[in-house]
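The values are calculated or read from the model by the stated rules, or taken from the named source; none is laboratory data. Everything quoted here is computed from the prediction, not taken from an experiment. Note: ideal-geometry Cβ built from the backbone for every residue, glycine included; neighbour counts use all protein chains shown. Only protein heavy atoms, including side chains, enter the accessible area calculation; ligands, DNA and RNA are left aside. Shrake-Rupley method; radii C 1.70, N 1.55, O 1.52, S 1.80 Å.
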Amino acid sequence: MSVSASSITGLDVLRAASDGLVETPPAAALLGWKAISLEPGHVRVRYTARAEFSNPQGAIQGGFLAAMLDDAMGPALFTLLAAEDFAPTIEMKVSFLRPARPGPLIAEGRVVHQTRSLAFLEGTLATEDGDLIATPTATARIIPAAADKRP
């Protein structure tokens, strides 16, 4: 039995990336993306907050933390889509609760609600000890692969 490209899901792609069978996207690689768990509508990921991500006070700059959160919530949605579909974030809000220092950080992303064209997402970013660093919410627009090829 052969598998057609259209039957490959985003979850399949993420699992292949986690297993090293396909290349991790450059932004995820820069952030140190390592999957802890990948389930439909929910992902848990470990990032490496490098010293180069720090501001002058030694805390990880908020833009890097937001990127980690976006890179957890987006894949949570991708687990529910076909591999060819595209779902850019169209809005995101992050509440920063405490500074993060260089080292491992754990992000979770969840799909709260999904329609044909939109998804509402939430997540958390914490230290390995469970100290909450930031909480985000986001909205993503779902663009099916067929729609992406229209003139």
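Please tell me the relative contact order of the chain in percent, rounded to the nearest whole number, where contacts are Cα pairs under 8 Å and at least six residues apart. Show your work: numbers first, answer last.
On the way: 320 pairs, mean separation 36.0, N = 151.
Relative contact order for the chain comes out at 24 percent.
Please turn the phi angles of region 18-23 into ³J(HN,Hα) values with the Karplus equation 6.51 cos²θ - 1.76 cosθ + 1.60 (θ = phi - 60°), one per residue in order, whole Hz, x for glycine and proline.
5, 7, x, 7, 10, 5
Hey, can you find the accessible area per residue of the chain for me, probe 1.4 Å, expressed in square angstrom? Kindly include the intermediate steps, with their values, before the conclusion.
On the way: 8310 Å² over 151 residues.
Here the residues of the chain average 55 Å² of exposed surface.
In the chain, what percent of the accessible surface is made up of carbon and sulfur (1.4 Å probe, ligands and nucleic acids excluded)?
Working: 4640 of 8310 Å².
Within the chain, the accessible surface is 56 percent carbon and sulfur.
If the only charges are +1 at each Lys and Arg Cβ and -1 at each Asp and Glu Cβ, what is the size of the charge dipole of the chain around the Cα centre, to the nearest 20 debye? Numbers along the way, then the final one.
Values: 13 positive and 16 negative charges, 43 e Å.
Roughly 200 debye for the chain.
Tell me, what is the FRET efficiency for GLN61 and ASP129 to the nearest 0.05, using R0 = 35 angstrom and their Cβ-Cβ distance as r? Walk me through the numbers on the way to the answer.
On the way: r = 21 Å, r/R0 = 0.61.
Here the calculated transfer efficiency is 0.95.
Go ahead and estimate [θ] at 222 nm for the chain from helices alone: -39,500 (n - 2.57) per DSSP H run with n ≥ 4, summed, over the residue count, rounded to 500. Show your work: numbers first, answer last.
Values: 4 runs with 36 residues, N = 151.
That calculation yields -6500 deg cm²/dmol at 222 nm.
Please compute the length gained on full extension between LYS93 and ILE8, using 0.36 nm multiplied by the number of residues separating them and subtracting their Cα-Cα distance.
Gain in length upon complete extension: 27.5 nm.
Separation of region 87-111 and region 1-80 by C-alpha centroid, Å?
When both Cα centres are located, 12 Å separates them.
Just the accessible area for VAL13, please: 1.4 Å probe, Å², rounded to the nearest 10?
Accessible area, nearest 10 Å²: 50 Å².
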